[in-house]
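First the structure, which I've put down as structure tokens, then a few questions once you've had a look.
A short reminder: the numbers here are calculations on the coordinates, not readings from a lab. Nothing here was measured: the structure is a model prediction, and the numbers come from that model. Glycine gets a Cβ as well: all are built from the backbone with ideal geometry, and neighbour counts include every protein chain shown.
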There are 2 protein chains.
Amino acid sequence: MVGQLQDAQVTVVGLGLMGGSLAAALRGQCRAVTGVARRAATVDAALARGLVDRATTDLADGVSGADVVVLATPVRTILSQIAQIGLLLPDGCLLMDLGSTKAEIVDAMARLPGHVQPLGGHPMCGKERSGLESADPALYRDCTFVLCPLPRTSEAALALANQLVAAIGAHLLLLEPQRHDSLMATASHLPYLLACALVATAGAAASADPAVCRLLASGFRDTSRLADSDATMMLDILLTNRLEVLKAVDSFRSLIDAMRRLLETADGEAVRAALSAIRTERVRMLP
Amino acid sequence: MVGQLQDAQVTVVGLGLMGGSLAAALRGQCRAVTGVARRAATVDAALARGLVDRATTDLADGVSGADVVVLATPVRTILSQIAQIGLLLPDGCLLMDLGSTKAEIVDAMARLPGHVQPLGGHPMCGKERSGLESADPALYRDCTFVLCPLPRTSEAALALANQLVAAIGAHLLLLEPQRHDSLMATASHLPYLLACALVATAGAAASADPAVCRLLASGFRDTSRLADSDATMMLDILLTNRLEVLKAVDSFRSLIDAMRRLLETADGEAVRAALSAIRTERVRMLP
């Protein structure tokens, strides 16, 4: 395994928003960046925009000679790629991913052949619009980048990944995969489901009275924004973190029910105290 | 009653974000704009920033000689101001408000003395930050401005209000007060409560594992943004629209429960179809 990122050939598999941005951020900071995409048009676009040194639709060709391979596809695609990529990877190759859930992915990584150095990853960034056309080398700057080492992950592999995280301007956070998934269910997957259920509620109201659409302002737009996320990406996340997401929904339900009961009492001072405490809590959590 | 807005003396009662922005947008489009604020410091700031021609802390002084008076205070303050302002208002004066709920306000307006022309109003705009320091003459541009005429509201009064709405760049929407409140419960008050309950859920998760705060990214920030709204303003809205808000929460609950059940089945195609339909619905509602 190479010791320095600048000597590494890095292959990014999947050239959407996350993969395209990672390739662009790494270019010039390592020996060479190769991109692998499913569609020839994406390969051409990545080359035309100068996001990669080389690009191909062929996975075996793309990972040949790679020191680092990063899987930047939807979670269930990552799972099937892990199952097939092992024998294609050079000896000592670091295999990372950018998937939004980690327990199933790290479990699959544990079954990789012994010559591969696996490491789960999840950078906490994104954008409203997906796809290579939204790729941005600054996407990772100042974001938290979670790494989930396996018991078999070597110190050298983790050190090389740390260099990669630093090179793109992100901040490292080490977490166990199960803990990551449990926390993400509350921090990200629950907000997505709330946004979806809010849109469904407004849709039901609009069926009864279409005028509701004229009253949707910036508050509704922001609260429901996550419902505009890519459905395939979110489906994979929900299915691979189902039990933790169900727990987070249950926790939310008990809290919205408590707020409903409080409002039902019409006790103004109690409602005010609850709303003020929540506002303070949010400022504390999001300084 | 004056026929033209440019001949009208307009008094804005309450110089926060909404009132300050309205005064600034109207200045130069009517004979004079007077501001009324509770605190002398606000009066001084409004004069210093040139948002009003004249300002005072004295309500009787502020409305003397007014052709149009606009109440721009929190909803329950509007209700008590309506109860005391009638005898202070000049003959034929148009009394409007900017309150976010309308049924209780229009009910209170119906009890005003006969020489006053009352008209409920609700402009669908706002900003993350409240207060005069955030006032912006462009705040109302392109927003929907709901007007709720009473049976006693004259055509001349409504025509003058239409001129005011047009002068600040807003679009008129006439609605019955009860219908307004029912629609707003879904479009605005429910999103606020969801944001609050989401923050409370994350707060509970943070008590168990503070690392959750390091995983809060832009999705959580946007979905929870409304929880940072002014607590007094929101308390008044919730208390004066309690039954409609409870109905909206119940509708939301049945839809989040349906999504929870769907996820529990782990039927990928069914979940994908639901998420895709919701995404399409949102694009349709928020073009």
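Per the Kirkwood treatment, what hydrodynamic radius in Å, one decimal, follows for segment B:180-285 from the mean inverse distance over all distinct Cα pairs?
The answer is 15.8 Å.
Now, a different point. Take the alpha-carbon centre of segment A:177-256, take the same for segment B:150-202, and report the distance between them in whole Å.
Answer, in whole Å: 25.
Next question. Compute the acute angle (0 to 90°) between the alpha-carbon long axis of helix B:17-26 and the principal axis of greatest extent of the alpha-carbon atoms of chain B; round to the nearest 10°.
So the inclination is approximately 50 degrees.
Please give the FRET efficiency for A:ALA48 paired with B:ALA156, using the beta carbon to beta carbon distance and R0 = 41 Å, rounded to the nearest 0.05.
E(calc), rounded to 0.05, equals 0.05.
Could you point to the residue in B:TYR140, B:GLY20, B:ALA227 farthest towards the positive end of chain B's charge dipole, with +1 and -1 charges on the Cβ of Lys/Arg and Asp/Glu respectively?
Of the listed residues, the answer is B:ALA227.
Please order A:LYS102, A:LYS247 by the number of other Cβ within 10 Å, starting at the fewest.
The order, fewest Cβ neighbours first, is A:LYS247, A:LYS102.
Within the set of other residues whose C-beta is less than 12 Å from the C-beta of A:LEU263, count the net charge using Lys and Arg as +1 and Asp and Glu as -1.
Overall, the nearby charge balance is 0.
Say we join alpha carbon atoms closer than 10 Å with springs in a Gaussian network model of chain A; which of A:THR186, A:THR77, A:THR223 then has the biggest fluctuation?
Judging by the Gaussian network model, the answer is A:THR223.
Tally Lys/Arg at +1 and Asp/Glu at -1 over every other residue whose Cβ is under 12 Å from the Cβ of A:ALA32; what's the total?
0
Past the 34 angstrom mark, what percentage of all C-alpha to C-alpha distances in chain A do you count?
28 percent
Ok, one more. What Kirkwood hydrodynamic radius, in Å, does segment B:5-175 give when the mean of 1/r is taken over all pairs of distinct Cα atoms and then inverted? List each step's numbers first, then the result.
Values: mean 1/r = 0.0649 Å⁻¹.
Taking every pair of different Cα atoms in segment B:5-175, averaging 1/r and inverting gives 15.4 Å.
Based on the Cβ-Cβ distance from B:LYS127 to B:ALA208, what FRET efficiency comes out when R0 is 56 Å, to the nearest 0.05?
Once rounded, the FRET efficiency stands at 0.95.
Another one. Give the residue from A:VAL43, A:ALA66, A:LEU172 lying farthest towards the positive end of the charge dipole for segment A:5-175; charges sit on Cβ (+1 for Lys and Arg, -1 for Asp and Glu) and the dipole is referred to the Cα centre.
Most positive-ward Cα: A:VAL43.
Sticking with this one: Where the label is 7 Å out from Cα toward Cβ, how close does A:ASP7 come to the same position in every other copy, in nm, shortest first?
Result, one decimal in nm: 8.8.
Using the scaling law 2.2 N^0.38 Å as the reference, what is the normalised Cα Rg of the protein assembly as shown?
1.14
Sticking with this structure for a sec: Taking the label point as lying 7 angstrom from Cα along the Cα-to-Cβ axis, what are the distances from B:ALA159 to the corresponding position in the remaining copies, in ascending order and in nanometres?
8.4
Going by C-beta contacts inside 10 Å, put A:ILE78, A:ILE278 in order with the fewest on the left.
Fewest to most other Cβ atoms nearby, the residues stand as A:ILE278, A:ILE78.
Measure nothing fancy, just the Cα-based angle from helix B:268-285's long axis to the longest principal axis of chain B, in degrees from 0 to 90, nearest 10.
10 degrees
Where the eigenvalues come from the Cα gyration tensor of segment B:114-225, what are the semi-axes √(5λ) of the equivalent ellipsoid, largest first, in whole Å?
On the way: eigenvalues 305, 56, 22 Å².
Semi-axis lengths for segment B:114-225 are 39, 17, 11 Å.
Now for a different question. For A:SER254, which inter-copy label distances result when the label point lies 7 Å beyond Cα on the Cα-to-Cβ vector, reported in nm to one decimal and in ascending order?
2.6
With a point put 7 Å past each Cα toward its Cβ, work out how far B:ASP267 is from B:THR57 in nm, to one decimal.
About 6.6 nm separates the two model spin labels.
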